[in-house]
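*Asks:* Starting off with a structure, shown below.
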Amino acid sequence: MNSLFSRTVLTLAAVSASVLACVSPAMAADGKIDPADTGFMIVATALVLLMTIPGLALFYGGMVRDKNILATMAQSVAATAIVSLLWFAAAYSLSFSGDGAWFGNLERVALAGIGFDTTSPFAPTIPEMLFMTYQMTFAVITCALVGGAVADRLKFSAFLLFCAIWLFLVYVPIAHSVWGGGFLARLGVIDFAGGTVVHINAGVAGLVAALMVGARQGYGRENLAPANLSLAVIGVGLLWVGWFGFNGGSALGAGSRAVFAIVATHLSACAGALVWSALEWAERGKPSVLGLISGAVAGLGAITPASGYVLPWHGVVIGIVAGVLCYWASTALKRRFRYDDSLDVFGVHGVGGILGTLAAGVFATASLSATPDHPGVSGLLEGNPRQLLLQAIGVVVTIVWCLAGAWISLKIVDALVGLRVSPEQEREGLDVSLHGEAIGA
């Protein structure tokens with residue numbers, strides 16, 4: 001019996017050691033570009049771009065009224081175009097070069113200095129040009145997300161100008177601070193794939209925009225139900241699959257850490273979808289399709305900052321909590337304060353991002369982020385309460401910075417072109433009044 005027990009313990013120890021060795025990020029043996037990592041990241045980059053066009057375009061387009069579907073989709077396409085060009089011009093350099101607290105430097109303006117074999121210190125096994133493009137897709141979807149909070153009433157010109165100003169005033173400094181070696185990174189805040197940089201940023205900016213632009217005509221009195229939820233379901237399907245590139249790709253290499261992140265992401269989405277649906281079923285007597293897909297997105301957003309630091313069962317827990325909190329924020333909280341966040345950008349992304357960033361400080365498992373040169377990041381459950389405190393600091397700093405930056409950005413836009421369409425244009429619908437087109441016309 002003792003012999004059997006000893007063999008069992010030794011076997012489990014060997015298996016555990018093998019798993020933990022595989023979890024460490026993949027690195028090329030000679031420190032140069034690794035073909036496997038490069039191929040994986042090319043696919044991840046394509047998946048993240050797919051999240052905006054057509055994923056977010058379909059998701060948002062399906063949740064507005066039929067007279068605003070094209071205008072809403074146009075925002076996703078336009079954000080892709082303008083943010084990509086600005087990222088190429090200067091935003092990438094300011095985010096991922098230099099060692100300032102909030103901003104980088106202009107070393108990589110217009111991608112200067114990036115050669116065929118150049119790598120970034122943040123992703124040493126893939127070409128820097130690929131790393132730049134991957135990060136570009138994150139900036140694109142973050143700006144596009146904000147537009148959902150003011151759907152049906154924001155000027156197209158205002159959206160374009162907001163993307164340009166907000167990108168440099170808010171997104172770039174938070175991205176540099178968290179991912180580019182800036183203030184929050186040096187402090188020890190962790191954010192695997194965008195809880196602070198993407199979801200809190202987009203959610204808070206969306207809330208500020210909704211408050212400054214004001215509610216839609218007829219809000220709370222008229223039927224503002226989605227025109228075509230089938231489009232939204234297709235959009236969420238694309239977002240869900242694309243999130244594998246969003247979170248899995250944030251490992252920046254083809255290794256077990258990316259796989260762990262993908263599994264945690266998928267399970268969190270499943271848990272969020274079912275919990276939101278169950279709550280709606282209990283409260284209203286019927287589980288809506290909109291609730292099911294909203295819960296999935298809540299789970300996806302909440303797991304994002306923690307995905308590369310947590311085990312699969314942690315993802316289930318985070319998804320369950322996200323389903324509860326984001327449902328509450330998108331229903332009771334919104335009714336309580338009477339703000340019109342059209343597509344629940346704050347309720348889903350803002351609240352989910354806050355939850356996930358804090359959850360990373362609770363569930364972070366050191367073995368998942370360990371490297372030969374670093375013991376890995378542990379959280380509260382592994383006896384490190386300081387990490388949770390650091391995560392709370394990161395959340396507060398991001399919220400305060402984004403509140404101020406979004407307000408300033410919108411004030412500038414309002415002064416230059418105005419924020420809201422006229423009452424007549426809003427009643428007619430933005431498809432015709434802003435773009436001269438209509439579905440079926």
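The numbers here are math on the coordinates, done by the rules we state, and not lab data. Since this is a predicted model, take the numbers as computed values, not measurements. Cβ placement follows ideal geometry from the backbone for every residue including glycine, while neighbour counts extend to all protein chains displayed.
*Asks:* Suppose we filter A251, A185, A261 for residues that are out of contact with any strand residue (DSSP E or B) (no Cβ under 6 Å at 6 or more places or on another chain) and either among the aromatic types (F, W, Y) or under 19 Å from G352 (Cα atoms) (or both); which single one remains?
*Replies:* On the way: A251 fails: either among the aromatic types (F, W, Y) or under 19 Å from G352 (Cα atoms) (or both); A185 fails: either among the aromatic types (F, W, Y) or under 19 Å from G352 (Cα atoms) (or both).
When all the criteria are applied, what remains is A261.
*Asks:* Looking only at the stretch 344-390, count how many residues are out of contact with any helix residue (DSSP H, G or I) (no Cβ under 7 Å at 6 or more places or on another chain) and at positive phi.
*Replies:* 1
*Asks:* Scanning for something part of a helix (DSSP H, G or I), under 20 Å from G194 (Cα atoms) and without any contact (Cβ under 8 Å) to a residue 60 or more places away in the chain, does the stretch 272-280 turn up at least one residue?
*Replies:* Looking only at the stretch 272-280, we keep the residues that are part of a helix (DSSP H, G or I), and these are 272-280.
With under 20 Å from G194 (Cα atoms) added as a condition, the list becomes 272.
Filter again for without any contact (Cβ under 8 Å) to a residue 60 or more places away in the chain, leaving 272.
Within the stretch 272-280 (the criterion being part of a helix (DSSP H, G or I), under 20 Å from G194 (Cα atoms) and without any contact (Cβ under 8 Å) to a residue 60 or more places away in the chain), the answer is yes, since at least one residue qualifies.
*Asks:* Follow-up. Among the residues of the stretch 203-239, write down those that are within 22 Å of C143 (Cβ to Cβ), out of contact with any Phe, Trp or Tyr (no Cβ under 9 Å at 6 or more places or on another chain) and part of a helix (DSSP H, G or I).
*Replies:* V213
*Asks:* Now for a separate question. If we scan the stretch 150-163, do we find a residue that is under 20 Å from I399 (Cβ atoms) and touching a residue at least 60 places away in the same chain (Cβ under 8 Å)?
*Replies:* Yes, the stretch 150-163 contains a residue that is under 20 Å from I399 (Cβ atoms) and touching a residue at least 60 places away in the same chain (Cβ under 8 Å).
*Asks:* Out of everything in the stretch 346-388 that is without any contact (Cβ under 8 Å) to a residue 24 or more places away in the chain and under 17 Å from W313 (Cβ atoms), what residue ends up being surrounded by the most Cβ atoms within 10 Å (Cβ to Cβ)?
*Replies:* Within the stretch 346-388, the match that is surrounded by the most Cβ atoms within 10 Å (Cβ to Cβ) is S378.
*Asks:* Filter the stretch 108-155 for residues that are within 23 Å of the chain's Cα centre (by Cα) and among the aromatic types (F, W, Y); which is surrounded by the fewest Cβ atoms within 10 Å (Cβ to Cβ)?
*Replies:* Selected residue: F122.
*Asks:* G308: within 22 Å of G206 (Cβ to Cβ), surrounded by 24 or more Cβ atoms within 10 Å (Cβ to Cβ) and touching a helix residue (DSSP H, G or I) at 6+ places or on another chain (Cβ under 7 Å), yes or no?
*Replies:* The answer is no for G308.
*Asks:* Next question. Within the stretch 160-211, take every residue that is of a type in the set (S, T, N, Q) and more than 22 Å from R257 (Cα to Cα) and give me the one that is surrounded by the fewest Cβ atoms within 10 Å (Cβ to Cβ).
*Replies:* Across the stretch 160-211, the extreme among qualifying residues is S177.
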